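The values are calculated or read from the model by the stated rules, or taken from the named source; none is laboratory data. Please read these numbers as outputs of a predicted model, since none were measured by experiment. No Cβ is skipped: glycine too gets one built from the backbone with ideal geometry, and neighbour counts run over all protein chains shown. Protein only, heavy atoms only, side chains kept; ligands, DNA and RNA dropped before computing areas. Shrake-Rupley method; radii C 1.70, N 1.55, O 1.52, S 1.80 Å.
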Amino acid sequence: MVVSAVGFTMVAKVVGHRDRVLVLARDVPVGRALQPADLRAVEVAAEAGVVSAADRGKVVGRRVKVPLVAGALLAPGQVGAPAIFPPKGSSEVSLAVEPGGAPPDLSRGERVAVLPGPTGGGGAPQADEGEASAAVMGTVTGVRAPESSGGPQVVTVLVETGAAKRAAQLEHPRVVVLPAEGREAP
């Protein structure tokens, strides 16, 4: 009977063992360095493949390689030193998009075309604007809600560096979501 009690105690300790690991306190986009407020420690039954709470100092300040979602356990391969963002040949452009200028459910990772909106006269863009009115293709890397009711939302788009200036100069930009794959363009 004593042997059974000792055996039960040993099994209960192994099965009930929990480690303090890091979990995401909020969403963290690709390329951003992890901040202390991005992480919190929790106790879970985890064997391997997660970052221990004791290693917090080793990951804070490192760039994120993949989009991280609040509530997910942090894995070592999700952060690292050589994570360069934006990638070579690409640039991020932030655009103030007026209400109605983008789908209401626009989110990170969507492939989009950014088009010029109506000009001050209310009409369509002028044909002689040439390249300045051409669509700019990219991928959404961030969407920030308007700071006030009726104000513009900020949409950040990863574009080819050669198109960054053109995208930044678009007046009243409109964002159109494209199919995830393909070469369709408006």
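Numbers below:
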{"read-out": "Full-stretch length increase - VAL69, THR161 - with 0.36 nm per residue and alpha-carbon distance subtracted", "value": "30.4 nm"}
{"read-out": "Förster radius 30 Å - calculated FRET efficiency between ARG26 and GLU47, Cβ distance, rounded to 0.05", "value": "0.70"}
{"read-out": "Solvent-accessible surface (1.4 angstrom probe) belonging to ARG40, in square angstrom, nearest 10", "value": "110"}
{"read-out": "Rounded accessible area of LYS165 (nearest 10 Å², 1.4 Å probe)", "value": "140"}
{"read-out": "GLU171 - accessible surface, heavy atoms, 1.4 Å probe, Å² rounded to 10", "value": "120"}
{"read-out": "Cα-projected label distance for THR119 with LYS58, points at 7 Å along beta-carbon direction, nm", "value": "5.9"}
{"read-out": "LEU106 paired with THR139, simple spin-label distance in nm, labels 7 Å along Cα-to-beta-carbon", "value": "1.8"}
{"read-out": "Sequence of ASP105, ASP19 from largest to smallest accessible area, 1.4 Å probe", "value": "ASP105, ASP19"}
